[in-house]
Each structure stands twice: as C-alpha cells, then as structure tokens.
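In what follows, a structure is listed as structure tokens, so that the remarks can point back to it.
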Amino acid sequence: MNEKKEIVRKGYDKIAREYQAYRHTFDNAEVLKEFSSHLSKSARILDAGCGAGIPFARLLFQLGFEVVGVDFSANMLRLAKKSVPEAALIKGDMTRLGFRDNSFDGLVALYSIIHIPREMHASLYQSFHRILKPGGLMLVCLGSDEWEGEDEYFGARMFWSEYSLKEALQMVKSAGIRLLSGKHLIIGKERHYWIIARNHKDDPK
C-alpha cells in the first residue's frame, strides 16, 4: 500500500472509537436530505471511506436506501458493523474500487478524499464516474485550500492532501460529473466545501 495511505489506515485503526464519538456529534442531516431528495427510495448508495458508519451510512439507511460501505480500517469497520448492521460493509481501498460499471445510483465520499494523495484524485473521480449509473448522484466534501502534509490527529499520525478548490472542481468536471450545487459549510466547527453533482456518460466533457 502507498506509504501515505498506510499512515491514514494505521491512524484510523488507532483512533477509531474516539473518532466515532467525535463525528457522531456532527449534524449532517440537512446536507444528506438535500442529496437524497434527488434519488429514488430504492437507490443503492456507496459510502466510500465509510469509517465507523456514523453518521452517514446510518442516516442513509434510515432514509430508506440500500447502503454499501467501503473502508480500509479494520477497526473502523468493526464499529460500523455494530452501528449499521443492515449495510453491506467491505474492507477495501476506495482508490481501488472493484465494482462493476453502473453499480450505484448514488455515492458519498465524506471526510475521506482529503486523506487520499493528490496524485490519485483524478483517477478516483474517474472511478466514481465508472461505477455510478448514468444520472447517478455524488456527494463529496473537499478542502478549500491546496495543502499536503502530516499532522497529529486525536493523538495519531495522520496524512492530509488537498488540491485548490478550482483544481478539484475541474477534476470532477473532467471525469464526466456535472456540478449541481456547491457551498462552504461549517459543521462541527469544521469548514469544508460540499458538492452535489450528477454523473453523465457518453457526452462531451
């Protein structure tokens, strides 16, 4: 595994319980409701980098969707299986998604892309484009500033990697995913740029 990603995996294995308790305090219901309003009740949703399943996978299940979660932290997945036993949870690397083309009606990647090395971001969005159905919906949150480095996070070594917002949005567009809405939100004292975008296939990028 890429050394940078391994820092993230080990970090989240170490802080899984602390992180679950912290993220549980965030009120993300409104942005998920906005996302879900564009989807049918029978939609199949991928939570890429699902972590401990709180709050996103659980909220998505409570909204009536079929939820599939992927994360490479074993300790996070153990917690997710307790929090969202109804979801299909898979241990795996979200940069190497092996799902068939057109597998999902929707996809969320929340607080996860910011941990992936920047050189992998373009191929990540292309992968999202591939596994989303035509017209499928994507919800992601991004950083606002270009930065890459390590820091301490809940007492663990952690890696972060972000493009500028302009570059990140261009990558999304180049992958064939069209922006529906984008806005800065402060949730739980953290500021991220949240986008909802629709997947397009067989049309010019």
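Please give the length that would be gained between A21 and K189 if that part of the chain were fully extended, namely 0.36 nm times their separation in residues minus their C-alpha to C-alpha distance (nm, one decimal).
59.0 nm
Per residue of the range 62-73, in order, report the coupling 6.51 cos²θ - 1.76 cosθ + 1.60 (Karplus, θ = phi - 60°) as ³J(HN,Hα) in whole Hz, putting x for Gly and Pro.
5, 7, x, 8, 7, 10, 10, x, 10, 7, 9, 8
For the chain, just run the numbers: alpha carbon Rg, then divide by 2.2 N^0.38 Å, N being how many residues it has.
The chain yields a ratio of 0.94.
Any chance you could list P(r) for the range 1-106, counting all Cα-Cα pairs in 10 angstrom bins from zero, rounded to whole %?
15, 46, 33, 6
Provide the gained length on full extension for the span K33 to E146, in nm with one decimal, where the gain is 0.36 nm per separating residue minus the Cα-Cα distance. Before the final figure, lay out the partial values.
Details: separation 113, 0.36 × 113 = 40.68 nm, distance 2.89 nm.
Separation in residues times 0.36 nm, less the Cα-Cα distance, equals 37.8 nm.
Taking neighbour counts of Cβ atoms within 10 Å as a proxy for exposure, in what order, fewest first, do E162, E148 appear?
So the ranking, lowest neighbour count to highest, is E148, E162.
How large is ³J(HN,Hα), in whole Hz, for each residue of the range 157-166 in order, when computed from phi with the Karplus curve 6.51 cos²θ - 1.76 cosθ + 1.60 and θ = phi - 60°, using x for Gly and Pro?
Each residue of the range 157-166 in turn: 5, 9, 10, 10, 7, 9, 8, 5, 4, 4 Hz.
Give me W194, W147 ranked fewest to most by other Cβ atoms within 10 Å of their Cβ, as a rough exposure proxy.
Listing W194, W147 from fewest to most nearby Cβ atoms yields W147, W194.
Fewest first, what order do Y12, Y22, Y163, Y193 take by the number of other Cβ atoms within 10 Å?
Y22, Y193, Y163, Y12
Every number in this text was worked out from the coordinates using simple rules, so none of it is lab data. Note that this is a predicted model, so its numbers are computed, not measured. Reconstructed Cβ throughout: ideal geometry from the backbone, glycine too, with neighbour counts over all protein chains shown.
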